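Written out below as structure tokens is the structure these notes cover.
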Amino acid sequence: MAKPDRPSSIDRLPAEVRDLIASLRRDGSTIDEIMAKLGELRVDVSRSALGRHVKSLSVIAARMRESRAIGEALVAQFGEEPDNRLARANLELMHSVVMQTITAAEIDPETGEAKPVLFDPEQAMFLARSLQSLASAEKTNSDRMIKAKELATREAAKKAEGAAKAKGLSADTVDFIRKAVLGSEA
């Protein structure tokens, strides 16, 4: 039977102290420098507990960087259209949650090593459904964007054709402009 999760000595510190530790680490402070600052504040923690905590912060930061890279890739793929930002943000968030679930490794407090992530059959089924839903949502969003771009192109071709006719251009020139806008021999 698994031991119930117990907050670490760092997790039991006041939020302000935990925030200070995170801030110092973000600013590049070493474990010894953080220990010195905590000593100045008369906060008593072991160096090994702080080391485990800093290691877990590094794991979280790496996951956040990975999620951000995924989000940037989605933005590059789907573009910056305002009506698409919410859909992209939702996809990015869902992808991040799924990836964190898959890669979530609990740190063994005694060894400092990551424990393997194990899923029971029901959890595996829910994870598979989540991945399937995410793939479906990405496809739906992609299809929607393709349709929106096609509609915008057709509207631009109609406007260009109307403007060309209004200026008295020949039928061949109007047809050429329409085909150029549509990007086809249509």
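Please go through the stretch 40-68 and give me each residue that is surrounded by fewer than 12 Cβ atoms within 10 Å (Cβ to Cβ) and in contact with a Lys or Arg (Cβ under 9 Å, 6 or more places away or on another chain), ordered by number.
The answer is Ser58, and nothing else.
Looking only at the stretch 136-163, which residues are among the hydrophobic types (A, V, I, L, M, F, W, C) and either surrounded by 11 or more Cβ atoms within 10 Å (Cβ to Cβ) or touching an Asp or Glu at 6+ places or on another chain (Cβ under 9 Å) (or both)?
Ala137, Met145, Ala148, Ala152, Ala156, Ala157, Ala160, Ala163
Kindly indicate which of Leu20, Leu13, Leu24 is surrounded by 11 or more Cβ atoms within 10 Å (Cβ to Cβ), over 28 Å from the mean Cα position of the chain (by Cα), at pLDDT 85 or above and of a type outside the set (Ser, Thr, Tyr).
Result of the check over Leu20, Leu13, Leu24: Leu13.
When you scan the stretch 32-51, how many residues do you find that are in a loop (DSSP other than H, G, I, E, B), out of contact with any His (no Cβ under 9 Å at 6 or more places or on another chain) and closer than 22 Å to Pro109 by Cβ?
Going through the stretch 32-51 one residue at a time, the tally reaches 3.
How do the pairs read when you match residues in the stretch 135-148 that are of a type in the set (S, T, N, Q) with residues anywhere that are assigned to a helix (DSSP H, G or I) and exposed (fewer than 13 other Cβ atoms within 10 Å of the Cβ), using Cβ under 7 Å and keeping only pairs 6 or more apart or on different chains?
Pairs that qualify, where the first residue is of a type in the set (S, T, N, Q) and the partner is assigned to a helix (DSSP H, G or I) and exposed (fewer than 13 other Cβ atoms within 10 Å of the Cβ): there are none.
Can you tell me which condition Gly112 does not meet? The list is (1) exposed (fewer than 12 other Cβ atoms within 10 Å of the Cβ); (2) at positive phi; (3) modelled with pLDDT under 75, and all the others hold.
Of the numbered conditions (1) exposed (fewer than 12 other Cβ atoms within 10 Å of the Cβ); (2) at positive phi; (3) modelled with pLDDT under 75, the odd one out for Gly112 is (1).
Kindly establish whether Ser8 is on the phi < 0 side of the Ramachandran plot, in contact (Cβ under 8 Å) with a residue 40 or more places away in the chain and in a loop (DSSP other than H, G, I, E, B).
For Ser8, the condition - on the phi < 0 side of the Ramachandran plot, in contact (Cβ under 8 Å) with a residue 40 or more places away in the chain and in a loop (DSSP other than H, G, I, E, B) - is met.
Count, please, the residues in the stretch 27-36 that happen to be surrounded by 15 or more Cβ atoms within 10 Å (Cβ to Cβ) and not polar (S, T, N, Q).
Qualifying residue count, the stretch 27-36: 3.
Kindly indicate the residue of the stretch 15-31 that is out of contact with any His (no Cβ under 8 Å at 6 or more places or on another chain) and in contact (Cβ under 8 Å) with a residue 12 or more places away in the chain and also nearest to Thr111 (Cα to Cα) among those meeting that condition.
Ile31
The values are calculated or read from the model by the stated rules, or taken from the named source; none is laboratory data. Source: prediction; values computed, not measured. Note that each Cβ is placed from the backbone with ideal geometry, even for glycine, and that neighbours are counted across all protein chains shown.
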